[in-house]
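The values are calculated or read from the model by the stated rules, or taken from the named source; none is laboratory data. Please read all numbers here as calculations on a predicted model, not as lab measurements. Reconstructed Cβ throughout: ideal geometry from the backbone, glycine too, with neighbour counts over all protein chains shown. Just so you know, the surface numbers come from the protein's heavy atoms only, side chains and all, with ligands and any DNA or RNA stripped out. Shrake-Rupley method; radii C 1.70, N 1.55, O 1.52, S 1.80 Å.
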Amino acid sequence: MKRRVVITGVGVRAPGGNGTRQFWELLTSGRTATRRISFFDPSPYRSQVAAEADFDPVAEGFGPRELDRMDRASQFAVACAREAVAASGLEFDRLDPTRVGVSLGSAVAAATSLEREYLLLSDSGREWEVDADWLSRHMFDYLVPSVMPAEVAWAVGAEGPVAMVSNGCTSGLDSVGHAVRLIEEGSADVMLAGAADTPITPIVVACFDAIRATTSRNDDPEHASRPFDGTRDGFVLAEGAAMFVLEDYDSALARGAHIHAEIPGYATRCNAYHMTGLKADGREMAEAIRVALDESRTNATDIDYINAHGSGTRQNDRHETAAYKRALGDHARRTPVSSIKSMVGHSLGAIGSLEIAASVLALEHGVVPPTANLHTSDPECDLDYVPLEARERKLGTVLTVGSGFGGFQSAMVLRSAEAAGAVA
Amino acid sequence: MSILITGVGVVAPNGLGLEPYWAAVLAGRFGLGPVTRFDVSRYPATLAGQIDDFHAPDHVPGRLLPQTDPSTRLALTAAAWALQDAKADPESLTDYDMGVVTANACGGFDFTHREFRKLWTEGPKSVSVYESFAWFYAVNTGQISIRHGMRGPSSALVAEQAGGLDALAHARRTIRRGTPLVVSGGVDSALDPWGWVSQLAGGRVSTATDPARAYLPFDEQAAGYVPGEGGAILVLEDSAAAEARGRHETYGELAGCASTFDPAPGSGRPPGLERAIRLALTDAGLGPEDVDVVFADGAGVPELDAAEARAIGQVFGSHGVPVTVPKTTTGRLYSGGGPLDVVTALMSLREGVIPPTAGVRSVPQEYGIDLVLGESRTAPLRTALVLARGRWGFNSAVVLRRPEPTS
């Protein structure tokens, strides 16, 4: 029989909250962490809003050599990995390192460092044939981002399979899904899995400006991320990371670990339609949901809460609303659906893992985080999106979904420790 | 269930398409030369494996040209060739029954360099509407999926030069979980000036100027590698599904896969390549004695060559198996390197001939490996092992088997 996989440690670095506890406090307060971009002068850009994390790498314990070497996204990933490991109670130095793996997601990886090095090498863009005298010896690490999971592997002592899953905005769901597969099939016993992205840089802001995917509500940054709201006008770019300790259910139970949740099902599909566009019918996302439920041996009616992709673009909100109806039928109308992007923005490849963290915390606390800024109903979005205020509700099974450029549509089912039979 | 390779598409510096590539490899013909896309003379290294005979409009639909990096155009071409070669008509298959798993290392780097330049010289409004997806590492998976209507489980992996083998392993996993056909492999290219110096920053690129003596893995004069562009895309299928659609001819079986990671620097623990080899063999249900040829990673850096020779020796014994590195003729292709080696190994198995490690003349005795030098070597071949290592500690191994003779 295939091994069951559980989450026994969580680490989060997010806008408005470093650490799992602060993250959950933000999500249940209904406050938002979106603001006018402070990392650079955003005035030349169409979208000037982002959800920035107040991340202090020195306070995180990174030394001068690590600060020199590691891109910001790597620092986020390693900080989360350390938190997750400490929280898991698992003694990593007593594990067989060859049975420990890493699966890290990221969409744009070392974007921050690429931009910094580019400006030096090209003399602020003036030279096409860049000047190698200004070359950083770490530039190769920014060109080829698999250094990120390597940094996590070194930090935790992993020598099993180490992977970087880079599926754009579903990376954070797919990297955890990948880790689940590796444990199920026996390629590893413990996986550090999650995702990190720190894309708040001029090039990334400009490339979303170009396709008007991001908000231009620049005069009201705190209320700019408005998934499912009739007045939404695009997503809010964000940064962040979340990492998990995943292990096989039986060994977690045997060591008396605190089990946060089980991951009984995951699936991904592609829409093969358009690199950035979505059809309104939600067909492929619905298929991913259906397969994830099937793998979980869960009925649609068992879903107590849907943690939505909810990016706050009209095409997305319509697309996923259709997908839920298609996959869950009438039960979609009875199920609370909310988007944490309303509070922490859209951190591209990282957000899927942050949403898994939010789902896990929702299961543990019996609280559904709200969709902030949802005041105006949209006839195309007619489900219960949990506006403004968190809601207490006993949760046994949560569905979390992601949708991304390239056509990726992913879905994961999470089950509470109690529902998984791990609590007496 | 066995996982078969039923089609291949090759885009290599010494051959565009399987046949010219295979002929070049057998003859030891180099595809390396000075970079011609910019004035490379100002940089310390000048040689690369460039694909010079690829005219994108001949291969890629016109509407995709403005939105694709050179690496994606090559990947789209290789994928289309692989599907043709497999005689697989995506239109006749169910969309969810086909997936795409590619590896990538550099993303659409030439494309993104141009957009960085536009941003900083002309301002944000000049940035292309295609930049958001022409750059990212999932671009080849997404574009192949769209072009061929493939809606099954798909993914993109990054593990520097090891990623291409990891992609094939994940394609196999995807098929085992119920998706009958997966297009997989890897293609990279970063031969714009910024991409070029970024590769040099790694500190392992050869500064030699003679293409035949620049990338010399396992040679006593090894002094770095030559980077290249290209790679290979393969069609992998569940044997029963291939049979059911009447596809009886195959290149062989992807019989075993494994990936490991080296310990953190300074830990004093042993490196992971030997373990990857043993795990891949176990996964294939085979022993070292079953392996007829090893396609080595061949870093071209003395301490890395020594470490690989040691791992091979520990599994197979001194001079225990023929070893070859045909990629000396193409340069290291990052995510494309492993899949191209897999194609080379499949052709070797099919034809019973091991291509040489062109350029290498003298292997230090202490390496203890039987490196195929000079001429290709004829031998009855049933099983091949392909190795790839990615910078920072990634080790991947796959085991390939020749197709069973049809009864």
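Scanning segment A:315-361 for residues being out of contact with any Phe, Trp or Tyr (no Cβ under 6 Å at 6 or more places or on another chain) and either aromatic (F, W, Y) or within 17 Å of A:G11 (Cβ to Cβ) (or both) gives a total of 16.
Do we have any residue at all in segment B:64-73 that's more than 12 Å from chain A (Cβ to nearest Cβ), open to solvent by less than 30 Å² (accessible area, probe 1.4 Å), part of a loop (DSSP other than H, G, I, E, B) and not polar (S, T, N, Q)? Yes, some residue in segment B:64-73 is more than 12 Å from chain A (Cβ to nearest Cβ), open to solvent by less than 30 Å² (accessible area, probe 1.4 Å), part of a loop (DSSP other than H, G, I, E, B) and not polar (S, T, N, Q). Put simply, of B:T174, B:T209 the only residue that is out of contact with any helix residue (DSSP H, G or I) (no Cβ under 8 Å at 6 or more places or on another chain) and either in a strand (DSSP E or B) or farther than 24 Å from A:L182 by Cβ (or both) is B:T209. Across segment B:78-109, the qualifying residues are those that are surrounded by fewer than 23 Cβ atoms within 10 Å (Cβ to Cβ) and within 30 Å of B:G390 (Cα to Cα), and the one among them that is nearest to the other protein chains (Cβ to nearest Cβ) is B:A80. The requirement of being within 14 Å of chain A (Cβ to nearest Cβ), open to solvent by 20 Å² or more (accessible area, probe 1.4 Å) and in contact with a Ser or Thr (Cβ under 7 Å, 6 or more places away or on another chain) is fulfilled nowhere in segment B:20-35; no residue meets it. The residues on offer are A:P57, A:P64, and the sole one that is at negative phi, touching a helix residue (DSSP H, G or I) at 6+ places or on another chain (Cβ under 7 Å), surrounded by fewer than 18 Cβ atoms within 10 Å (Cβ to Cβ) and more than 14 Å from chain B (Cβ to nearest Cβ) is A:P57. Any chance you could count how many residues in segment A:191-220 are within 23 Å of A:V12 (Cα to Cα) and in contact with a Ser or Thr (Cβ under 7 Å, 6 or more places away or on another chain)? Within segment A:191-220, residues that are within 23 Å of A:V12 (Cα to Cα) and in contact with a Ser or Thr (Cβ under 7 Å, 6 or more places away or on another chain) number 8. Among the conditions (1) surrounded by fewer than 24 Cβ atoms within 10 Å (Cβ to Cβ); (2) in a loop (DSSP other than H, G, I, E, B); (3) of a type in the set (A, V, I, L, M), B:A190 misses just one, which is (1).
The rows are residues; the columns are (1) more than 14 Å from every other protein chain (Cβ to nearest Cβ); (2) surrounded by 24 or more Cβ atoms within 10 Å (Cβ to Cβ); (3) at pLDDT below 95.
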| position | (1), (2), (3) |
| --- | --- |
| B:Q161 | no, yes, no |
| B:A169 | no, yes, no |
| B:R177 | no, no, no |
| B:Y215 | yes, yes, no |
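Being open to solvent by less than 10 Å² (accessible area, probe 1.4 Å), free of Cβ contacts under 8 Å to residues at least 40 places away in the same chain and within 23 Å of B:P263 (Cα to Cα) is a description that applies to A:F140. Quick check on my filter: what residues within segment B:123-140 are touching a residue at least 24 places away in the same chain (Cβ under 8 Å) and either crowded, with 24+ Cβ neighbours inside 10 Å or in a helix (DSSP H, G or I) (or both)? Correct list: B:F133, B:A134, B:W135, B:F136, B:Y137, B:A138, B:V139, B:N140. Considering only segment B:143-158, I want to know if a residue exists there that is within 14 Å of chain A (Cβ to nearest Cβ) and under 20 Å from B:P302 (Cβ atoms). No, that holds for no residue. Can you spot a residue in segment B:198-206 that is over 15 Å from the mean Cα position of the chain (by Cα), of a type in the set (K, R) and more than 30 Å from A:H178 (Cα to Cα)? Among the residues of segment B:198-206, at least one is over 15 Å from the mean Cα position of the chain (by Cα), of a type in the set (K, R) and more than 30 Å from A:H178 (Cα to Cα), which makes the answer yes. Checking each residue of segment A:303-317 against the condition of being of a type outside the set (D, E), open to solvent by less than 10 Å² (accessible area, probe 1.4 Å) and closer than 20 Å to B:T94 by Cα gives no match. Does segment B:346-362 include one or more residues that are in contact (Cβ under 8 Å) with a residue 12 or more places away in the chain, of a type in the set (A, V, I, L, M, F, W, C) and out of contact with any helix residue (DSSP H, G or I) (no Cβ under 9 Å at 6 or more places or on another chain)? Looking through segment B:346-362, at least one residue is in contact (Cβ under 8 Å) with a residue 12 or more places away in the chain, of a type in the set (A, V, I, L, M, F, W, C) and out of contact with any helix residue (DSSP H, G or I) (no Cβ under 9 Å at 6 or more places or on another chain). For segment A:202-220, filtered to residues that are in a loop (DSSP other than H, G, I, E, B) and either free of Cβ contacts under 8 Å to residues at least 60 places away in the same chain or facing chain B (nearest Cβ under 10 Å) (or both), the residue that is least open to solvent (accessible area, probe 1.4 Å) is A:A213.
Filtering segment A:155-180 to residues that are at the interface with another protein chain (Cβ under 8 Å from one of its Cβ atoms), of a type outside the set (S, T, Y) and either under 19 Å from the mean Cα position of the chain (by Cα) or crowded, with 24+ Cβ neighbours inside 10 Å (or both) leaves A:A158, A:E159, A:G160, A:P161, A:V162, A:A163, A:M164, A:V165, A:N167, A:G168, A:D174, A:H178. Quick check: is even one residue across segment A:87-110 among the charged types (D, E, K, R), touching a residue at least 60 places away in the same chain (Cβ under 8 Å) and open to solvent by less than 40 Å² (accessible area, probe 1.4 Å)? No, because not a single residue in segment A:87-110 is among the charged types (D, E, K, R), touching a residue at least 60 places away in the same chain (Cβ under 8 Å) and open to solvent by less than 40 Å² (accessible area, probe 1.4 Å). Any chance segment A:122-144 includes a residue that's at positive phi, at pLDDT 95 or above and at the interface with chain B (Cβ under 9 Å from one of its Cβ atoms)? Yes, segment A:122-144 has at least one match.
Annotation: of all residues in segment B:266-277 being assigned to a loop (DSSP other than H, G, I, E, B) and open to solvent by 30 Å² or more (accessible area, probe 1.4 Å), the one that is nearest to B:R401 (Cα to Cα) is B:P271. Only one of the numbered conditions (1) surrounded by 24 or more Cβ atoms within 10 Å (Cβ to Cβ); (2) closer than 20 Å to A:A195 by Cβ is violated by A:I289, and that is (2). Flag: A:V413 matches the condition of being in contact with a Pro (Cβ under 9 Å, 6 or more places away or on another chain), in a strand (DSSP E or B) and modelled with pLDDT of 95 or more.
Checking segment A:115-123 against the condition returns no match, with no residue being among the aromatic types (F, W, Y) and closer than 27 Å to A:D250 by Cα. Scanning segment B:217-265 for residues that are within 14 Å of chain A (Cβ to nearest Cβ) and either open to solvent by 10 Å² or more (accessible area, probe 1.4 Å) or at positive phi (or both) turns up B:G224, B:Y225, B:C257, B:A258, B:S259, B:D262, B:P263, B:A264, B:P265. If I ask for residues that are open to solvent by 20 Å² or more (accessible area, probe 1.4 Å) and either under 24 Å from B:G337 (Cβ atoms) or not in a loop (DSSP other than H, G, I, E, B) (or both), which ones from segment B:146-159 would you list? Matches in segment B:146-159: B:I146, B:R147, B:H148. Failed condition for A:M275, given (1) among the hydrophobic types (A, V, I, L, M, F, W, C); (2) away from chain B (no Cβ under 14 Å); (3) open to solvent by less than 20 Å² (accessible area, probe 1.4 Å), with all others met? Going through (1) among the hydrophobic types (A, V, I, L, M, F, W, C); (2) away from chain B (no Cβ under 14 Å); (3) open to solvent by less than 20 Å² (accessible area, probe 1.4 Å) one by one, A:M275 breaks only (2).
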